[in-house]
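Visitor: Handing you a structure now.
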Amino acid sequence: MDAREFKQRFMPHHQLLYRVAYHLTGNAQDAEDLLQDLYLKLWQKRDDLPDEAIREAYLVTMMRNLFVDQRRLKHVDVSAELKNEEGPPDERSLDRQIDARDEVTQVEGLIRQLSERDAKIIQMHLVDDRSYEEIERDTGLSQGNIRIIVMRTKKKLKQQFQNITKTWTN
């Protein structure tokens, strides 16, 4: 496949793919980077792609998987950086670490207060970094329901956490 044919196949999906990338990443720069990575991967595999690769569902799934892979990689990188920090932390850094641990403990407590279903889904999605597809397989709920539960639960947790932090600062 040459560059012209590649553009003819995949550029009609550019708007949709950008919107999906933006939804996944939450900002324009990261969305553009993710989209560029997707095009690069498609170009590298252009001669081995199955026929259904020109379908939007295939491309969206490929982008989501790429996003999840990159996110997992970043999570590992951050963990490695934290383990490799040398020298004692300064006082402000230590305060931030203590505050971060307190915040994690508070959020874990808030998650325990959720219904069993919501706690399980939010744990699988946020902590275990599992996709909606994987959660669907394990729970039997549709991806649409899972997305709604995650969105509402995040909103609820955020509001409750903000209420807690307000009491800390008052």
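Visitor: Among the residues of the stretch 146-168, which ones are more than 12 Å from Leu110 (Cα to Cα), in contact with a helix residue (DSSP H, G or I) (Cβ under 9 Å, 6 or more places away or on another chain) and surrounded by 11 or more Cβ atoms within 10 Å (Cβ to Cβ)?
Guide: Ile146, Arg147, Ile149, Val150, Arg152, Thr165
Visitor: What about Leu141, is it open to solvent by less than 50 Å² (accessible area, probe 1.4 Å) and out of contact with any strand residue (DSSP E or B) (no Cβ under 8 Å at 6 or more places or on another chain)? Step through it out loud before you land on a result.
Guide: Working: open to solvent by less than 50 Å² (accessible area, probe 1.4 Å): yes; out of contact with any strand residue (DSSP E or B) (no Cβ under 8 Å at 6 or more places or on another chain): yes.
Yes; evaluated as a whole, the condition is true for this residue.
Visitor: Then there is this: For the stretch 126-137, how many residues are assigned to a helix (DSSP H, G or I) and surrounded by fewer than 12 Cβ atoms within 10 Å (Cβ to Cβ)? Steps first, please.
Guide: Step one: list which residues in the stretch 126-137 are assigned to a helix (DSSP H, G or I), which gives 126-127, 132-137.
This time we only want the ones that are surrounded by fewer than 12 Cβ atoms within 10 Å (Cβ to Cβ), so: 127, 137.
Qualifying residue count, the stretch 126-137: 2.
Visitor: Taking interchain pairs and intrachain pairs at least six residues apart, which have beta carbon atoms under 8 angstrom, with the first residue in the stretch 60-76 and closer than 22 Å to Trp43 by Cα and of a type in the set (Lys, Arg) and the second open to solvent by 100 Å² or more (accessible area, probe 1.4 Å) and at pLDDT 85 or above?
Guide: Listed by first residue and then by second, the contacts come to nothing, as the list is empty.
Visitor: If you scan the stretch 2-22, which residues turn out to be over 14 Å from Arg55 (Cα atoms) and either touching an Asp or Glu at 6+ places or on another chain (Cβ under 6 Å) or open to solvent by less than 50 Å² (accessible area, probe 1.4 Å) (or both)?
Guide: Val20, Ala21
The values are calculated or read from the model by the stated rules, or taken from the named source; none is laboratory data. Just so it is clear, the model here is predicted, and its values are computed rather than measured. Every residue, glycine among them, receives a Cβ derived from its backbone with ideal geometry; neighbour counts consider all protein chains shown. For the accessible areas, the whole protein counts, side chains as well, though only heavy atoms, and no ligand, DNA or RNA atoms are used. Shrake-Rupley method; radii C 1.70, N 1.55, O 1.52, S 1.80 Å.
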